[in-house]
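See below for the structure under consideration.
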Amino acid sequence: MPSRFPLRPLATCVLPLAGAILALAARPPAAPAGLADFARAYCAECHGGAKPKGGVDLAPFAADADFLRDPDLLFGLRAMLEGGEMPPAEAEKQPSAAERAAAVAAAAELLAQADAAAAGDPGEVVLRRLNRSQFRNTVRDLFGVAHDPARDLPEDPTADGFDSMGGGLWVSPLLAEKYLDAVDTTLDAVFADAAARARLLAPGVGEQEGGAGEQTGADSAAAARAVLAAFLPRAFRRPATTSEIDERLALWSEARARGADFSAALRPALAAALLSPHFLFRVERDLPAPEGQRARLLDGWEIASRLSYLLWSTMPDAELFAAAADGRLLTPEGRAQQARRMLADPRIRALADDFFAQWLGFRGVLDLAVDIRKYPDFYGKDLRQPFYEEAALHCEALAREDRSILLLLDAPTSFLNDRLASHYGVPGVEGGAMREVALPDRNRGGAPAWGASLTITSYPLRTSPVLRGRWVLESLLADPPKPPPPEAGKLPEDDKVDDGQTPRARLERHRADPACAGCHAAMDPLGFALENYDGIGKWREADAGGPVDARGLLPDGTELAGMTGLKDALLARKHAFARAAADRLFVYAVGRASAYADRALLDRLAADCLAQDGRFSALLLGIVESPPFLTRRASP
Amino acid sequence: MSPPPSPISRRALLRGAGAAMALPWLEAMGGGRTGAGIGAPLPEAPAGGRAGQAKLRFACLFMPNGVWAPDWTPSGEGETFQLSKTLAPLAPVRDLLLVPSNLRNWNANEGEGHYVKTTSLLSGAKVRRTGGRDVRCGTTVDQFAAQRLGQDTLLPSLELGMDPASRQVDMGYSTVYGATLSWKSPDEPAPKEIDPVRVYERLFRGGRRAGDPATGSVLDLVAAEAAGLQRQVGAADRRKLDEYLESVREVERRLERVRALREAGAGLPEAERPADLEAEDFQARVGAMLELLALAFATGATRYATFMFGNSVSGRNFSFLPGVPGSHHELSHHEDKEEKWRPYQLIQEWHAARVAELALRLRSFPEGEEGKTVLDNTVLMFAGALRDGNRHEPFDLPIALVGGWGGRAVTGRHLACPKDTRLCNLYVSLLDALGCPVESFGDSDGALLQLQPL
């Protein structure tokens, strides 16, 4: 039976396999080992038609080879079949044990082919525009001015959990106008700041006596050229070509001809650098790969930018540029040395603000609203910033001091000031400055206990065990529950005792619906364990319905009792957590979603990290040394 | 039974909006006579539209979270209909009201409750389920028109809203969907502006840069670099660079347009800068946005606009309305409980009153023949993307059209369509009236209205 889908996606990249695949596709339809046949016989009734169950539609997979287009699905399919989860017990048609085994074997064979097909392919990374914070930081470091040019830029959309993914960062005319304005205000700030201006013009000074400020006549063109020749490589984060310099020099000459003075005439030339795609985008060119390979190694400049935007959310500094220029970044030792230097640098704070804050969600505390009457302390004690800082400083210390990632699950210390400590009931902390404090018990410390986490997972008027449970599953265990069906009910967003029922009782009732039970059985107990914390993370022994019941029972039988119970359960699942951490940092570093082909790498990164006491540097260096980070898919 | 429509005080409107138009300018521009605003001095005749008649304008005003159905649909059909409670505030413009019922957005039936329906409202396209990496829907009717007919105005189109796009994925869908009403192309959402002051600056301060002779050379150079770079990267990157190039060119076109107007001796539209408003001052911000929209239409700065009163699933607190507690979205799940649907309905009535204010504002600008106004050459589409907030159906959509259609449609009626009439049929009629007739749009299977021939 011919495949309904041509083999193009594979045939173009893995010629050696094409023969095997064709052979497979050419199997007679009745072949008992065929996965597609099995699916048609036992799955199609539910997973096909107009409304395939669970959104899984197997109809497009008419031949076994079709499954190679979606290895993630294939992987899940094998697990379902192997574990006996599908077809469900209540289904009428059940495969024999032999049929099931044959289907599992066919899936495994296809997965092996998918692995081979993906080998050596770093995946597709879409051109990344500098996002708002990267633009701000880069301009700051390029000119050394304290100015926020990004203030008026719109928030960037997220994709795959981060606002720095190429696919999600589009450009619109509105944004282009805003860039124009941002560049204008930046240059205003630079020329108004004597030190910044002098730094910018310094390369031209040697070209003519008397300093760059007052240059006139023919020599000043040489000075302008020197300024641009020094500036452009830093703006483009790589050596600039002669024509790139000359074209901007021409803008300078035009402006001079119109009567602008030496430095004013540089403005259009500098604007043309800051509006260039070579500045606004993190350009990595598609070049041919070495013979027989599917990827090319990035050059030193490209690696420098990948490192600096990963760790500092800004352009490379002078040392990193030097390491790019002299080839050190092309060696593992050179990369490790630079990465360690960067981890220990104060600029690593950007990793907390841009990576950890999005991964763990605490960025959300910066713009959420809670009800002022229900939780007056949030505003009265001005908790928003301390909440954010507690989490950010924790993450910053993790990276900067190379601590264990498991301290995100449970930690003996936290970063507090007087207001936060009083909110938490931790004695002995005075003054408004945030500092690391040893905690008296395990009810605080670690991401599940941060005020930020507990607040972003609550409604303005009450806690939500569902949202808290979902946060634990999604962020800490990378095991997001399926979205609720459209007709799922919604519980009131306050904690009034309605119809004589507490929020917990209402939720328990909701879970009685079998359509909801599957996911809620996994989510809700995790959230129940956190019920001792109110909607802004304050400890409570009772809620509107009486004494707090902070116990939960996980589907695997684990009993959770309160925060310590939850922390113990999470620590017992440290492999899943390390895997989640590896996945998130990988996606953030490489700039694309992780795929089936990255599975083995991520497993190894997680295991290696745990084997090295969970040290953050182990995870980071592992990613930096991975092929997806160091290579780029070559042009066909 | 229904409360009397709130009287519109012009002064209050101006105060709320913090903007006042320089009306003498409009007259001097001949806007009052030919009705084409700053479009008038341009030599090229507009496509469609009778000689001397203004091109039709279109704005969609989106209301999130559905409606309390029993109070939306007017009773009676045709021209003898009775306004419903929710639409009662539109009584002063009843003669220009056209309420089509039973329209259905067929492709929005799948997916989750809100986002899919919102973002496909103006295209009828299918929405790709994605966390944001490869969002996809369809070119919307406003952008379709703007790309064909909007090149002679200061801005081809204007996208406005109240809430920023949040950075989340909800039920497998990027929340970009719930924050986006306009799509430039199937994979390019048109982001909206949510700050009235910045809208003002785009509309009325855009001429500043046009005076700088260097800007053109700068943009030429960066566009050339983007084009050069396109030859060195793969298909996906080329698309990103395309977006960038197209955006740069759009800015260039706009600067050229401003220069052309200057050379033609025409002034630029003027208005007073709106006051800086706190994000929480929702009512004043809505007032300011709608005033800017009115001014943009009246001065000819643009002819196509979308405005989102709120993003999909908005939980905005409407407690400034007496008797309305809690969040909009929570109330929309009313479970047929009176203590919820009553305030839920009041929220929709408040929205209808804002649309009425906008319509009356447009009616305050004379345009064209004696007695005609900008509203006569406008179609306002007040719409929700789902019917009942408790059930999320994309059929019998709550849509009310206000405006004169340039005299081409019969207004002042309730158009009871056959059940599940395709929503996109409305857009076929709309595009015809706007001046770019199409055979079909989205999943249309005909035209909703019989338009008067030109």
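Please treat every number below as a calculation from the coordinates, not as lab data. Here the structure is a predicted model, which is why all the values come from computation and not from measurement. Backbone-built Cβ (ideal geometry, glycine too); neighbour counts: all protein chains shown.
Which order do B:Cys417, A:Cys519 fall in if you start with the one that has the fewest other Cβ atoms within 10 Å?
Details: B:Cys417 16, A:Cys519 20.
Ranked by crowding around the Cβ, least crowded first: B:Cys417, A:Cys519.
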* Taking all pairs of distinct Cα atoms, average 1/r, flip it, and tell me the Kirkwood hydrodynamic radius of the stretch A:128-282 in Å to one decimal place. => 16.2 Å
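Determine, for each peptide in A:83-93, B:292-302, A:133-143, the mean count of other beta carbons within 10 angstrom over its residues, then list the peptides with the highest first.
Working: A:83-93: 11.3, B:292-302: 26.7, A:133-143: 22.4.
Ranked from most to least packed, the peptides come out as B:292-302, A:133-143, A:83-93.
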* For the protein assembly as shown, give the share of DSSP beta bridges that are antiparallel, in percent and rounded to the nearest 5; count only bridges with both residues there. => 60 percent
* To do: Sum -39500 (n - 2.57) across every DSSP H segment of at least 4 residues in chain A, then divide by the residue count to get the 222 nm mean residue ellipticity, nearest 500.
  => -14500 deg cm²/dmol
* Loop sites in the stretch A:538-636: GluC sites (Glu not before Pro), DSSP, at most 15 other Cβ within 10 Å -> A:Glu541, A:Glu625
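Test of understanding: ordering A:Phe362, A:Phe355 by Cβ neighbours within 10 Å, fewest first, what list do you get?
On the way: A:Phe362 28, A:Phe355 23.
Taking fewest neighbouring Cβ atoms as first place, the list is A:Phe355, A:Phe362.
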* Asked: Which length gain, in nm to one decimal place, applies between B:Leu454 and B:Asp281 when the Cα-Cα distance is subtracted from 0.36 nm times their residue separation?
  -> 57.9 nm
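Counting Lys +1, Arg +1, Asp -1, Glu -1, what net charge surrounds B:Thr86 among other residues with beta carbon under 9 Å of its beta carbon? Kindly include the intermediate steps, with their values, before the conclusion.
Working: positive: B:Lys85; negative: B:Asp71, B:Glu349.
Net local charge, B:Thr86 excluded: -1.
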* Neighbour net charge for A:Leu200 - beta-carbon separation under 12 angstrom, K R +1, D E -1 -> +3
* Using only atoms on other chains, find how many Cβ atoms lie within 10 Å of each Cβ of peptide A:152-160 and report the average. => 6
* **Whichever aspartates and glutamates have a C-alpha closer than 17 Å to that of A:Lys381, once near sequence neighbours (fewer than 8 apart) are set aside** => A:Asp367, A:Asp371, A:Glu389, A:Glu390, A:Asp418, A:Glu430, A:Asp534
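Return an integer: the convex hull volume of the alpha-carbon atoms of chain A, in Å³ per residue.
Details: hull volume 120.7 nm³, N = 636.
Per-residue hull volume (Cα only) is 190 Å³.
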* Express in whole angstrom the spacing between the alpha-carbon centres of the stretch B:386-446 and the stretch A:261-319. => 49 Å
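Across peptide B:227-234, how many C-beta atoms of other chains are within 10 Å of each residue C-beta, on average?
Numbers: counts 1, 3, 7, 1, 1, 6, 10, 11.
What the average comes to for B:227-234 is 5.
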* Structure fact -> One quarter of the C-alpha convex hull surface, i.e. the mean projected area of the stretch B:207-267 in nm², amounts to 4.2 nm²
* So what J values fall out for the stretch A:329-345 if you push phi through Karplus, 6.51 cos²θ - 1.76 cosθ + 1.60 with θ = phi - 60°, rounded to Hz, Gly and Pro as x? -> 6, 8, 10, x, 5, x, 5, 4, 5, 5, 4, 5, 4, 5, 4, 7, 7
* Reachable lysines from B:Lys117, criterion Cα separation under 16 angstrom, eight or more residues apart if same chain -> B:Lys126
* Asked: Across the residues of A:177-188, average count of Cβ atoms on other protein chains within 10 Å?
  -> 3
* Structure fact -> Going fewest to most other Cβ atoms within 10 Å around each Cβ, A:His394, A:His510 line up as A:His510, A:His394
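Note down the Stokes-Einstein diffusion coefficient of the protein assembly as shown in µm²/s, whole number, using a Kirkwood radius over alpha carbon pairs, 10 °C, and 1.306 mPa s. Can you show the working numbers first?
Details: Rh = 31.8 Å.
Value of D from the Cα-based Kirkwood radius: 50 µm²/s.
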